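Structure first, then comments.
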Amino acid sequence: MASKLAESEATHLTAQLLVQPEVHASSRSRILVVENDASIRATICTTLECLGDEVLPAASSLEAMEALEWNAIDLVLTDIVISHGNGIALMEMIHARQPNLPVVIVSAVRETGVIIVAMRRGACDYLLKPFEREQLVSAAQRALERRQALQESLNYRQGLEQAGLARNEML
């Protein structure tokens, strides 16, 4: 009886450990900024770096896909008009590989139809250029908070599943 109780407590402790959110080696977020205009890309990168985020710049969808292959990215900000493709197609390629990676579209394209398409295809926000610094910061923070909440939910669900499997094995 005592050994069953100890096993049950160990299973519960293991489940609690499994639901802790994943954290980078550093607590900084890693953000990929995809923008073909060098001055706008630099402005966005500088703004996010000042907040303590690690920012990876990319001028094209090819550079973005390479950065995604070699780096753990927490958020992607992309323009619609980029070299070697467009931001919506890039977002779809990203979500095919990493469905939970948030993508914020930052664009001067103001057509309602384009905005609706971007949101329906998975953009977590659409920021119109020109934008205020606070708008950029707010959009990035909302997307990162959403990602963290989703990751915590997934971790919790996995922990519950593993605890249930361990409990079933005990029975």
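The values are calculated or read from the model by the stated rules, or taken from the named source; none is laboratory data. All figures in this text were calculated on a predicted structure; none of them were measured in a lab. Quick reminder, even Gly has a Cβ in these numbers, built from the backbone with ideal geometry, and neighbours come from all protein chains shown. Surface accessibility is based on the protein's heavy atoms, side chains included, excluding ligands, DNA and RNA. Shrake-Rupley method; radii C 1.70, N 1.55, O 1.52, S 1.80 Å.
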Quiz item: Among 56-62, 118-124, 67-73, what's the highest-first ranking by average C-beta atoms within 10 angstrom per residue?
Solution: 56-62, 118-124, 67-73
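Taking R0 as 22 Å, what's the FRET efficiency between residue 28 and residue 155 from their Cβ-Cβ distance, rounded to 0.05? Please report the intermediate quantities before stating the final value.
Working: r = 20 Å, r/R0 = 0.91.
That gives a FRET efficiency of 0.65.
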Exercise. Work through the residues other than residue 82 whose Cβ is under 11 Å from its Cβ and net out their charges, Lys, Arg +1 and Asp, Glu -1.
Key: -3
Quiz item: Efficiency by 1/(1 + (r/R0)^6): what FRET value for residue 111 and residue 42, r their Cβ-Cβ distance, R0 = 30 Å, to the nearest 0.05?
Solution: 0.70
Quiz prompt | In order through the range 61-72: 3J(HN,Hα) via Karplus (6.51 cos²θ - 1.76 cosθ + 1.60), integer Hz, x for Gly, Pro | solution = 5, 5, 4, 5, 5, 5, 4, 5, 6, 9, 9, 7
Exercise. Express the carbon and sulfur contribution to the solvent-accessible surface of the range 34-171 as a percent, rounded to the nearest whole number, probe 1.4 angstrom.
Key: 52
